[in-house]
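Engineer: My questions will all concern the structure given below.
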Amino acid sequence: MFNQVTSNDVTNKTYHYYTEFFETGQQVIHFNLYQIDLPKEDPVYTLKKVMAELDFSPLLERYSHLGRKGYNPIMLFAVLTYAALRGVRSVDRIVDLCTRDIAYMWLAQGEKPKRDVFYDFMNHKLSEPILMALHYQFIRKLQREGLVTLEALYIDGTKVEANANRYTFVWRGSINYHLANLLDSIQELYTQYNSFLMINGYDKKYKVPAMDMFIIEGIEKVRKVIEKNRTRKVNKKKKLSNNTIIEIDNMSPLELLKMQVHLKTIAEGEKIYFTCGKGKRKPEIQKLYEQLDVLGERLMKYKQSFEIMGDERNSYSKTDLEATFMRMKDDHMRNGQLKPAYNIQIAVENYFIIHSYISTDRTDYNPLIPVLKKHKEHLGCYPKEVTADSGYCSEKNLWFLEENNIDSYIKLQEHEAMKTRAYQKNIGKYRNMVKEGNSYRCANGRLLTHDHTEKRNTKGFERIFEVYACKNCDGCELKSECLYQYDEERHQHKNKTIKVNERWDALKAKSNENIQSEKGILNRLIRSIQTEGFFGDMKANDDFRQFNHRSAEKAHKEFTLYAFGKNLDKYHKFKMGKIKRYTGKSEKIA
């Protein structure tokens, strides 16, 4: 088996890693303490058997065959995986266990790697593609043994705090506010600059043109929100969020740099020297030059912040630029404080973690499609069915499932509200009106006819709404119940309008029918047990509430290693007969 794994281009040193760790060929006994008090049912034996079937050649290729032989990379991976199986994530703790715990000593073959060895291995040798390749090799093994089918995925997510300072936050709304004030100051400098050139005649003498202030799209909307918030503050009302996406392409500090170059040219031509220190008066041209320098640095700082956040986020942490501030269930301050975190997504089948995905989104809408694309990329096709909670219910997600022939078992956001009398008796909703051809008839018998078609494009996904309107709602005694947040003075002559998204309604109806079926009830029960059970074990038993590494890539590797260990633990328990495939009790309604 090992001859197949180590091809002809693998060096003798690489082959030695296999023979040394798995003890093929001549048996080498290092010392007799290996199996003292080590139970035969210990998962370390299962782990080593699984490792023997994996192809480590991509990992071994990252090691040079020249120079002194280092620690066996297969051994290091096995020790880290066994530590994850046992819920140990601290590298210092793993180093200590390699000198004290008999199972770790047996895996390490009596060697005692230090913390620098493990950090170098995780950060430089065990790249994310190599780790994912090893993970999916194991998933394929589970499929061959009939433990997973890879046809049904149960998806859920949780937020885990990033390894970042909780108080090094940067908010888009705050930057927008300060940027608006900065642009006012820059506009004043443009005016001073042009006046300085014209009054002194430098524009003609040195052929320096007047400069026009650059235009930034979206800043006017920011200014309007700022004015509204000032009024709301006086009236003691809650502030409006000011997270408008600013067009930063035209926000170039280079424009200010050009003005500085022109001022420097003029100063040299007029033999005006810049001064510094106490008791020395600065010339006007120097004051203008230094003001441009200060404002240019601030503008560059704000532009860099916008580039870090992109269009998808409204915050980030200075100590982990990829971490987003999210509201966590664990609120140590008891005041709804936001913390830098990552949104972990898992796709489970039969207790095994099939996929893991790290997202910077605060919600679960966007991560669903990347998880499914990951399934196709690594396993060849999309699954046949997906089960998830209402956090994943969006038109974009359900349409993606429909287009790729994936059965949706996703709970609707209004699933619980649909059971209430208020939902069923709300006469203002078109679902409780009577459809007549291309029109709707309201509870008072008045007709709402088709008015126009409205299209919305959100991040490349187009949604189509058909708008229906009533010609005249005057004198309707049900108007106060029909109109949303009815106000007698403002809505006296307002007519009822409704917006209908037929595709969205059809997708929701199909998914709702699926989750109400016997199979759907069972799927929802399995999802809640297996995904939420995993997160509960992870946070409560293994205390995995915060990452040890920074950046999304390293956080994903850390979690994937943890999931690999937990998958091995489940595999061992299946082999020992401690757990069986959960079939549930379909007569119980979730």
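The values are calculated or read from the model by the stated rules, or taken from the named source; none is laboratory data. Keep in mind it's a predicted model, so treat the numbers as computed, not measured. Cβ sites come from the backbone with ideal geometry, for glycine too, and all protein chains shown count toward neighbours. Only protein heavy atoms, including side chains, enter the accessible area calculation; ligands, DNA and RNA are left aside. Shrake-Rupley method; radii C 1.70, N 1.55, O 1.52, S 1.80 Å.
Engineer: Taking the range 427-461 on its own, how many of its residues are of a type in the set (Asp, Glu) and open to solvent by 80 Å² or more (accessible area, probe 1.4 Å)?
Structural biologist: The qualifying residues number 1.
Engineer: Can you find a residue in the range 157-168 that is touching a strand residue (DSSP E or B) at 6+ places or on another chain (Cβ under 8 Å), of a type in the set (Phe, Trp, Tyr) and open to solvent by 20 Å² or more (accessible area, probe 1.4 Å)? Break it down stepwise before answering.
Structural biologist: So in the range 157-168, the residues touching a strand residue (DSSP E or B) at 6+ places or on another chain (Cβ under 8 Å) come out as 157-166, 168.
Adding the requirement that they be of a type in the set (Phe, Trp, Tyr) leaves none.
Checked against the condition, which is being touching a strand residue (DSSP E or B) at 6+ places or on another chain (Cβ under 8 Å), of a type in the set (Phe, Trp, Tyr) and open to solvent by 20 Å² or more (accessible area, probe 1.4 Å), the range 157-168 yields no hits at all.
Engineer: Going by the conditions given, is Arg100 of a type in the set (Lys, Arg) and within 21 Å of Asp569 (Cα to Cα)? Before the answer, list the steps.
Structural biologist: Numbers: of a type in the set (Lys, Arg): yes; within 21 Å of Asp569 (Cα to Cα): no.
When the stated conditions are applied, Arg100 does not pass them.
Engineer: With the checklist (1) of a type in the set (Lys, Arg); (2) surrounded by 13 or more Cβ atoms within 10 Å (Cβ to Cβ); (3) in a loop (DSSP other than H, G, I, E, B) in hand, flag the one item Arg490 doesn't pass.
Structural biologist: The one condition Arg490 does not meet is (2).
Engineer: Same structure, new question: What do you reckon, is Lys570 buried (at least 18 other Cβ atoms within 10 Å of the Cβ), more than 29 Å from Asp320 (Cα to Cα) and either touching a His at 6+ places or on another chain (Cβ under 8 Å) or of a type in the set (Lys, Arg) (or both)? Can you show your working first?
Structural biologist: On the way: buried (at least 18 other Cβ atoms within 10 Å of the Cβ): yes; more than 29 Å from Asp320 (Cα to Cα): yes; either touching a His at 6+ places or on another chain (Cβ under 8 Å) or of a type in the set (Lys, Arg) (or both): yes.
Against the criterion (buried (at least 18 other Cβ atoms within 10 Å of the Cβ), more than 29 Å from Asp320 (Cα to Cα) and either touching a His at 6+ places or on another chain (Cβ under 8 Å) or of a type in the set (Lys, Arg) (or both)), Lys570 qualifies.
Engineer: A further question follows. Tell me, please, whether a residue that is surrounded by 13 or more Cβ atoms within 10 Å (Cβ to Cβ), outside any loop (DSSP other than H, G, I, E, B) and among the basic types (Lys, Arg) can be found in the range 254-272.
Structural biologist: yes
Engineer: Looking only at the range 41-65, count how many residues are farther than 16 Å from Lys578 by Cβ and either open to solvent by 20 Å² or more (accessible area, probe 1.4 Å) or assigned to a loop (DSSP other than H, G, I, E, B) (or both).
Structural biologist: 13
Engineer: Looking at the range 504-515 only, could you name the residues that are loosely packed, with under 14 Cβ neighbours inside 10 Å and either of a type outside the set (Gly, Ala, Ser) or farther than 26 Å from Asn397 by Cβ (or both)? Lay out the reasoning, then the answer.
Structural biologist: In the first step, residues of the range 504-515 are kept if they are loosely packed, with under 14 Cβ neighbours inside 10 Å; the result is 505-506, 509, 513.
Asp505, Glu513 - these are the residues of the range 504-515 that are loosely packed, with under 14 Cβ neighbours inside 10 Å and either of a type outside the set (Gly, Ala, Ser) or farther than 26 Å from Asn397 by Cβ (or both).
Engineer: Between a first residue in the range 530-543 that is within 16 Å of Arg89 (Cα to Cα) and of a type in the set (Asp, Glu) and a second residue that is at pLDDT 90 or above and open to solvent by 40 Å² or more (accessible area, probe 1.4 Å), which pairs have beta carbons less than 8 Å apart while being 6 or more apart in sequence or on different chains?
Structural biologist: Cβ pairs passing all conditions: Asp542/Arg89.
Engineer: Oh, and also: Is there a residue being on the phi < 0 side of the Ramachandran plot and surrounded by 21 or more Cβ atoms within 10 Å (Cβ to Cβ) anywhere in the range 328-335? Before the answer, list the steps.
Structural biologist: If we filter the range 328-335 for residues that are on the phi < 0 side of the Ramachandran plot, which is where we start, we get 328-333, 335.
Now drop any that are not surrounded by 21 or more Cβ atoms within 10 Å (Cβ to Cβ), which leaves none.
Looking for residues that are on the phi < 0 side of the Ramachandran plot and surrounded by 21 or more Cβ atoms within 10 Å (Cβ to Cβ), one finds none in the range 328-335, hence no.
Engineer: Can you confirm whether Leu299 is within 30 Å of Ile272 (Cα to Cα), open to solvent by less than 10 Å² (accessible area, probe 1.4 Å) and in contact with a Pro (Cβ under 8 Å, 6 or more places away or on another chain)? Steps first, answer last, please.
Structural biologist: Values: within 30 Å of Ile272 (Cα to Cα): yes; open to solvent by less than 10 Å² (accessible area, probe 1.4 Å): yes; in contact with a Pro (Cβ under 8 Å, 6 or more places away or on another chain): yes.
Yes; evaluated as a whole, the condition is true for this residue.
Engineer: Which of (1) surrounded by 12 or more Cβ atoms within 10 Å (Cβ to Cβ); (2) out of contact with any helix residue (DSSP H, G or I) (no Cβ under 7 Å at 6 or more places or on another chain); (3) touching a residue at least 24 places away in the same chain (Cβ under 8 Å); (4) not in a strand (DSSP E or B) is the odd one out, the single condition Ala469 does not satisfy?
Structural biologist: (4)
Engineer: Of all the residues that make up the range 518-543, how many are open to solvent by 40 Å² or more (accessible area, probe 1.4 Å) and not in a helix (DSSP H, G or I)?
Structural biologist: Qualifying residue count, the range 518-543: 1.
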